[in-house]
Amino acid sequence: MKFKKPSLLLQIFLGMILGVAVGYFWKDFALSLHILSDIFLRLIKMIIAPLVFSVLVVGIAKVGDFKSVGRIGIKTLLYFTCAAVIALLLGILLVNIFEPGKNMIMALPSVAEQTGMEAAKGFDAKTFIEHLIPTSIADAMAKNEILPIVIFALFFGIAAASIGKKGKEVADFFDSISHIMFKVTNYVMAFAPLGVFGAIAAVVAKQGIGVLSGYFYLISEFYLGLLIFVFVVLYLICKVCKIKFFHLLSFIKEPVLLAFSTASSEAAMPKTIESLEKYGCPNRIVSFVIPLGYSFNLDGSMLYMSFATIFLAQAYKVPMTVGDQITMLLVLLITSKGMAGIPRASLVVIAGMLDYFHIPAAGILLLLGIDQVFDMGRAATNVVGNAVATAVVAKWEKSDD
């Protein structure tokens, strides 16, 4: 009888279970296993820039002209903006209803304590533009800054589409590159179960399973918000657009679990692209919407930022009026777009909000210890949100065609 290799999904799940067991029973050994997750994430980061650039250039070149790029771009950004506003509003609504901050007994940390983060800065249009437009595409690729890569790829792809036959040759070349990168992705993904095992084992060993008990109420309400967003908001969006939501989920279950277990939606990006093409979304749509979505459509992160900011205000008994919360929503809508590719981006944006509303910045320390737990849910939700966005835009384009 021929032995059947377990699916990647099952391997990742087993990696998570073994990681919890090893982290709990063999703490000293488990701490050293973090190197496995570091290796896996470095492998992922190694393929992100060439993959994003090649698929986006091919996608734009296949679209063919400014009019089509503009049409798809407007639809995509319109959807992203609406989804972001809904996610922010849901976070605000839930944190005001359940008031998790009032259940936390907090002492103000001393000023001397450090958060391990850069000082919070308000929104700066100049900094945002500088981050948006690359001075060097090589530098942007070296740093895996997706937003500048997207901007350059837009120019490059449109230019390739506009010069006819020679441009098609270039597009075919990058099409070959993208297929090679997908093959490299499959090689890297074979290491995913080990990466997940190492990450989970190290977290459990360092913080213990009991780390969740003191924050159970906060974590449960946040995850309730994520579940409502995914299974109510995104489900209704799919219903309106006549997309079979659970059928779509069946195709992206592996990248969702991968994002959840590694706490990195970036780690799941290559697999998400591949899964959506198998689902039936056109390559020209997938390769345009997904890279853009990783800068502009981080639904889980948006929900978290509004939820966490008001949570800290409640914990420190800093009143926030309805006007303050609307202002926060609008500022988050803008500032979050300038944070693409920055480590712990959500915490950096929240730090800016705390400074803006005169909430003690030391509150970030309250979130840092369990940020990994939040990040797991944020990452998985980001993947589902981008998958739905791609399916919706593909549906709109099909209707136009």
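Treat every Asp and Glu Cβ in the range 247-303 as -1 and every Lys and Arg Cβ as +1, leave all other atoms uncharged, and give the resulting dipole magnitude about the Cα centre to the nearest 20 debye.
Working: 4 positive and 5 negative charges, 23 e Å.
For this selection, approximately 100 debye.
For the peptides 262-275, 226-239, 79-92, what is the packing order when you average, over each peptide's residues, the other Cβ atoms within 10 Å and list the highest mean first? Walk me through the numbers before you get to the answer.
On the way: 262-275: 24.8, 226-239: 17.5, 79-92: 20.6.
Top to bottom by mean Cβ count within 10 Å: 262-275, 79-92, 226-239.
Given 10 Å bins starting at zero, what is the percent of C-alpha pairs of the range 1-61 in each, up to the one with the largest pair distance?
17, 28, 28, 20, 7, 0
By per-residue mean of other Cβ atoms within 10 Å, what is the highest-first order of 13-23, 243-253?
Details: 13-23: 18.4, 243-253: 16.1.
Ranking, from highest mean packing down: 13-23, 243-253.
How large is the translational diffusion coefficient of the range 170-268 in µm² per second when you combine the Kirkwood radius over alpha carbon pairs with Stokes-Einstein at 10 °C and 1.306 mPa s?
Values: Rh = 16.7 Å.
After rounding, the answer is 95 µm²/s.
What's the ranking of 141-152, 35-46 by average number of surrounding C-beta atoms within 10 Å, highest first?
Numbers: 141-152: 19.3, 35-46: 17.4.
Ranked by mean Cβ neighbours within 10 Å, highest first: 141-152, 35-46.
Bear in mind that the values in this text are calculations on the coordinates, not laboratory data. In this text, all values refer to a predicted model and were calculated from it rather than measured experimentally. Note that we place each Cβ from the backbone using ideal geometry, even for glycine, and neighbour counts take in every protein chain shown.
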